[in-house]
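K.L.:
First the structure, then my questions, so here it is.
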Amino acid sequence: MVSDIIISIVSEADIVAARQKGRALGAQLGFSSSDQTVIATAISEVARNIVIYARQGEIILKTVLQNNRNGIEIIARDRGPGIPDIARALQDGYSTSKSLGLGLPGAKRMMDEFDIVSKVGKGTTITMKKWVK
Amino acid sequence: MSEVNVMEVPILKQGQYLIVSIQSALTDADFLRLRDNLAEQAGRYRTRGVIIDITALDVMDSFACRTLRSIAHILRLRGAETIIVGIQPDVAFAMVQLGLTLGDVTTALDLDEGLAILRQKIKGDRTNGV
């Protein structure tokens, strides 16, 4: 049984640590190497969002099981400024920083399930899942 | 407080070329430092071509992609062509899913292929001999 892994994100160096831990957990759960890369890349995007917009937060990695299928659940949580317009934040090419604006929509495309809860002034929680094929 | 890791990416000079071999995962700051070092060295060595070998990169996210693109554009303004080599199949797959492209930056399978392209490009636009 794998317990939750919590990675605190306080600097951009933690982005690398978070995605490496995500890849390792993905490998343990039986994801293909290509899916491990997809998981690591999605983690990189949501972790960078924390660093850019909220400055600090955490990434939680969990093992989930549904209908006999293993999966990984990734929660990215911060108490930053929140996202005023989530629909817009999920549009390709939309960014309030100088990024490409592909981070959130890209992460959503890469994962099987993707959910954002955000409150302006309170913070943002992104929950995403991917199932072993 | 997290540790500040300084990952110096080796830049090898070979004739009119610079060869950059990324050896491990890089943080955003490492990428920016690489960009600055390359812009400076390309001028100092009068470099005509730069190869960036990213075989060892296991993740290419939007930041890495954007920085590689800007490196290539900066170097072009400094008179050097950049070729990115060694994008792994899994990385290419994830880039496509994420929607990342390297734009007009030339890519090649590996170092040998990259060097061959550079020789061709530089021969092509130079008529006064090298």
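The values are calculated or read from the model by the stated rules, or taken from the named source; none is laboratory data. Here the structure is a predicted model, which means the values were calculated and not measured. Here the Cβ is made from the backbone with ideal geometry for all residues, glycine too, and neighbour counts use every protein chain on show.
K.L.:
Take the residues in the range B:37-71 that are part of a helix (DSSP H, G or I) and basic (Lys, Arg); name whichever of them is farthest from the other protein chains (Cβ to nearest Cβ). Please lay out each step first, then the result.
P.N.:
So in the range B:37-71, the residues part of a helix (DSSP H, G or I) come out as B:37-44, B:62-71.
With basic (Lys, Arg) added as a condition, the list becomes B:44, B:66, B:69.
Working: B:Arg44: 28, B:Arg66: 6, B:Arg69: 9 Å.
Among those that are part of a helix (DSSP H, G or I) and basic (Lys, Arg), it is B:Arg44.
K.L.:
Of these, B:Asp90, B:Asp104, B:Asp110, which one is within 14 Å of chain A (Cβ to nearest Cβ) and either of a type outside the set (Phe, Trp, Tyr) or touching a residue at least 24 places away in the same chain (Cβ under 8 Å) (or both)?
P.N.:
Working: B:Asp104 fails: within 14 Å of chain A (Cβ to nearest Cβ); B:Asp110 fails: within 14 Å of chain A (Cβ to nearest Cβ).
That would be B:Asp90, the only listed residue that is within 14 Å of chain A (Cβ to nearest Cβ) and either of a type outside the set (Phe, Trp, Tyr) or touching a residue at least 24 places away in the same chain (Cβ under 8 Å) (or both).
K.L.:
Let me confirm something: among A:Gly93, A:Gly103, A:Gly30, which residue is more than 28 Å from B:Arg69 (Cα to Cα) and small (Gly, Ala, Ser)?
P.N.:
On the way: A:Gly93 fails: more than 28 Å from B:Arg69 (Cα to Cα); A:Gly103 fails: more than 28 Å from B:Arg69 (Cα to Cα).
A:Gly30 is the lone residue from the list that is more than 28 Å from B:Arg69 (Cα to Cα) and small (Gly, Ala, Ser).
K.L.:
In the range A:1-19, what residues are within 8 Å of another protein chain (Cβ to nearest Cβ) and either surrounded by fewer than 17 Cβ atoms within 10 Å (Cβ to Cβ) or over 16 Å from A:Glu73 (Cα atoms) (or both)?
P.N.:
Residues of the range A:1-19 within 8 Å of another protein chain (Cβ to nearest Cβ): A:10-16, A:19.
Passing the criteria: A:Val10, A:Ser11, A:Glu12, A:Ala13, A:Asp14, A:Ile15, A:Val16.
K.L.:
Something else now. Read through the list (1) without any contact (Cβ under 8 Å) to a residue 60 or more places away in the chain; (2) assigned to a loop (DSSP other than H, G, I, E, B); (3) within 14 Å of another protein chain (Cβ to nearest Cβ), then give the number of the only condition that A:Lys108 fails.
P.N.:
For A:Lys108, the failing item is (2).
K.L.:
If you don't mind, another one. Just name the residue that is surrounded by the most Cβ atoms within 10 Å (Cβ to Cβ) out of those in the range A:28-38 that are part of a helix (DSSP H, G or I) and either more than 10 Å from chain B (Cβ to nearest Cβ) or touching a strand residue (DSSP E or B) at 6+ places or on another chain (Cβ under 6 Å) (or both). If you could, list the steps in order and put the result at the bottom.
P.N.:
Step one: filter the range A:28-38 for residues part of a helix (DSSP H, G or I), giving A:28-29, A:33-38.
Still in the list and also either more than 10 Å from chain B (Cβ to nearest Cβ) or touching a strand residue (DSSP E or B) at 6+ places or on another chain (Cβ under 6 Å) (or both): A:28-29.
Details: A:Gln28: 13, A:Leu29: 20.
Here the answer is A:Leu29.
K.L.:
Identify the single condition in (1) under 16 Å from A:Ala54 (Cα atoms); (2) surrounded by 13 or more Cβ atoms within 10 Å (Cβ to Cβ); (3) not basic (Lys, Arg) that A:Pro84 does not satisfy, given that it satisfies every other one.
P.N.:
Condition not satisfied by A:Pro84: (2).
K.L.:
Here is a further query. Of the conditions (1) at pLDDT 95 or above; (2) part of a helix (DSSP H, G or I); (3) among the small types (Gly, Ala, Ser), A:Ala87 clears all except one; give me its number.
P.N.:
Going through the list (1) at pLDDT 95 or above; (2) part of a helix (DSSP H, G or I); (3) among the small types (Gly, Ala, Ser), A:Ala87 breaks only (1).
K.L.:
Mind checking whether some residue in the range A:63-79 is at positive phi, over 12 Å from the mean Cα position of the chain (by Cα) and either touching a residue at least 24 places away in the same chain (Cβ under 8 Å) or buried (at least 24 other Cβ atoms within 10 Å of the Cβ) (or both)?
P.N.:
no
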